[in-house]
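The values are calculated or read from the model by the stated rules, or taken from the named source; none is laboratory data. Bear in mind that the values here come from a model prediction, so they are computed numbers and not experimental data. Cβ coordinates were reconstructed from backbone atoms using ideal geometry, including for glycine residues, and neighbour counts include every protein chain displayed.
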Amino acid sequence: MRPGFSAFRLLLAICCLLALVLNPQFGIAQDSVQQTPAPETAAPATPQTPQAAKDPADSPVLVFDGAIQGDGKATRFTMDFDRKTEFDSFFMDSPLRLVIDGPSMLFRFADAATLEPRGLVTFLRYGAIARERSRVVISLGHPARMVSRKTETIEEGKHYRLEVELEPVKQGEFTKMVAEQQRLVGTSGEVATIGDRVRPAPKEKGRITIVIDPGHGGIDGGAKGVHGTQEKDLTLQIARRLASEIGKRGAFDTRLTRSEDVFISLRERVAFSERNQADLVISIHADSLRQNWVRGATVYTLSRKASDNLAHEIAESENASDLLAGLDDAADDEALPDILADLTLRETTRFSRFFSSILVEKLDSDINLIKNPERSATFAVLKAPEIPSVLIELGYLSNPDDEKLMTDEEWQKAATARIADAVLKFFEPRLR
Ligand SMILES: [Zn+2]
C-alpha cells in the first residue's frame, strides 16, 4: 500500500465534513416546503450549485433607482444600476409597449413614487423573464418612437444610468416601425423560458405524473392583496405544499412548472406538461376581481364558451399574462389552433370535469367555496389536448378575508391535503 494514501483519505473526509458543516444549503431539498417564497420582483436564483464559490460577476445587476419624467410630448425613462450592462429594446403593438431586455437584474427601486406612470407611459412592469434574463415592459398610452437610448457613466463609474427618450408618433408610423424591427431582428418578445432547458426525467412504469403549475412568476406578479400578498409568491408556496402532500399518497411523481420566481409563458406551461407526459395538470391561482365581496375557492375547466361572466373575466385576465410580459400573442394563436373542436379534447374535458367534481367535493369539507364552485372558460393554460387539466382559484386576493385565510399555514395545509385526497380518489381505479 502506498504510504500517504490513508492520510489523503483522512484529509478528504475532513474536507467533506467541513463542507457539510459550513454550507447551510447542503442536504436541503430544492423544493422543500419550508423554503420561504422569493421576495417581490426578485431575480431568479442562480443555478443550484451550493458548493461552488460565487463569482460577483454572476450575481444579478442591482437596479436601485429610476424615474419617469416629462409629459405626452416628451417622456424620459431612466434606470440606475451598479455595473456596466448591455440592453436590447424593441417596440410591440396591441397593446403598445416598449420592451427593454437585460441580464439578470435585482430591482430595488429606492422610491416607487418617481416611477409613477406619466406622459406617454401608462404602466411599468419589471422582473425576471428567464433564469438569466430580466425585462422591463413600459406600456404606452400612445404610439411612440425612441428619440434616443443611451447608457451613461455616473460619478466616474460609481454607477450607470440607462436613459430612454420617447416622443409620440402616428399609429401608421409605429406599425411600420414594428414591422421593420421584426424583419431586421425577428423580435417577437419570445425568450427561452426556464422549462426549455429542463429535460424531463423518464417516466417510470406504474407511476402517475401530476404537473402542478404555480400561476404567474417573475415579471408577471399576478394579483396583489390588500395586505401586500403577491399572487406569484402565494401560488408557489402552495404548489410546494401540494407537491409534498401528493407525494405522501403513493405512486405519484409531481413536477412543478416553476420552482422559483421566474416568468413562464402559458404556452411553455402547456408544453412542460406534455413533455413530462403528465396524467393531470393542476394550475394554482389566487386572482383579483373587481367585485371584492366575491370569495371562496373555485375550480375552472376548459370550455369554448365561458360558464358565466366571472369565469370569462378570470380567463381573460389569465390569458393576458404573456402579453403583459412582453410576448407576442400572434405566435401563441398559431401554436394553439382551435383544438376545442377536437374529439380527444372532448374526451379529455370529460376527465377534467370529473376531476373537478371530485375536487369540489373534497374541498367542501374544509374550505370555503364560492357559489357554483365548478366553472369553465377558455383558459390557455388548460389547453393540453390529451391531459385532464384544472385551474383552481383557491380564493380571491381582492377579498381581505380570503387573503388572510390563504396566507395562513393551517389553512394551506388543509387545502393542499384535500386537493391531494382528490388526486388520490381520481386515480384510484388505476392504483388498484
Ligand atoms: Zn392568477
| field | Lone unmet requirement of (1) of a type in the set (Gly, Ala, Ser); (2) away from the ligand (no atom under 16 Å from the Cβ); (3) at pLDDT 90 or above; (4) outside any helix (DSSP H, G or I) for residue 395 | value | (2)
| field | Pair list, Cβ under 8 Å, 6 or more apart: segment 333-361 residue in a helix (DSSP H, G or I), other residue modelled with pLDDT under 70 and surrounded by 16 or more Cβ atoms within 10 Å (Cβ to Cβ) | value | 339/345
| said: Of the residues 408, 364, 402, only one is surrounded by 20 or more Cβ atoms within 10 Å (Cβ to Cβ) and among the acidic types (Asp, Glu); which? | reply: 402
| remark: In segment 214-227, residues that are within 12 Å of the ligand (Cβ to nearest atom), closer than 17 Å to residue 406 by Cα and of a type outside the set (Gly, Ala, Ser) total 3
| In segment 398-432, how many are outside any loop (DSSP other than H, G, I, E, B) and over 30 Å from residue 277 (Cβ atoms)? | 11
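Listed here are the residues, each with its yes/no results for (1) surrounded by fewer than 19 Cβ atoms within 10 Å (Cβ to Cβ); (2) more than 18 Å from residue 97 (Cβ to Cβ).
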{"residue": "134", "(1), (2)": "no, no"}
{"residue": "150", "(1), (2)": "yes, yes"}
{"residue": "153", "(1), (2)": "yes, yes"}
{"residue": "159", "(1), (2)": "yes, yes"}
{"residue": "162", "(1), (2)": "no, no"}
{"residue": "166", "(1), (2)": "no, no"}
{"residue": "170", "(1), (2)": "yes, no"}
{"residue": "174", "(1), (2)": "no, no"}
| segment 73-93, subset outside any loop (DSSP other than H, G, I, E, B) and among the aromatic types (Phe, Trp, Tyr), residue farthest from residue 180 (Cα to Cα) | 81
| field | Residue match in segment 236-248 (condition: surrounded by fewer than 24 Cβ atoms within 10 Å (Cβ to Cβ), away from the ligand (no atom under 15 Å from the Cβ), modelled with pLDDT under 95 and not aliphatic (A, V, I, L, M)) | value | yes
| task | From the list 385, 373, pick out the single residue that is at pLDDT 90 or above and either in the same structural domain as residue 298 (by TED's automatic domain parsing) or part of a helix (DSSP H, G or I) (or both). | result | 373
| remark: Only unsatisfied item for residue 316, checking (1) under 16 Å from residue 381 (Cα atoms); (2) modelled with pLDDT of 85 or more; (3) more than 16 Å from the ligand (Cβ to nearest atom), is (3)
| request: State whether the residues of segment 255-276 include one that is farther than 27 Å from residue 131 by Cα, away from the ligand (no atom under 12 Å from the Cβ) and in a strand (DSSP E or B). | output: no
| Of everything in segment 319-328 that's crowded, with 22+ Cβ neighbours inside 10 Å and within 16 Å of the ligand (Cβ to nearest atom), which residue is modelled with the lowest pLDDT? | 325
| request: State whether the residues of segment 229-250 include one that is assigned to a loop (DSSP other than H, G, I, E, B) and over 30 Å from residue 204 (Cβ atoms). | output: yes
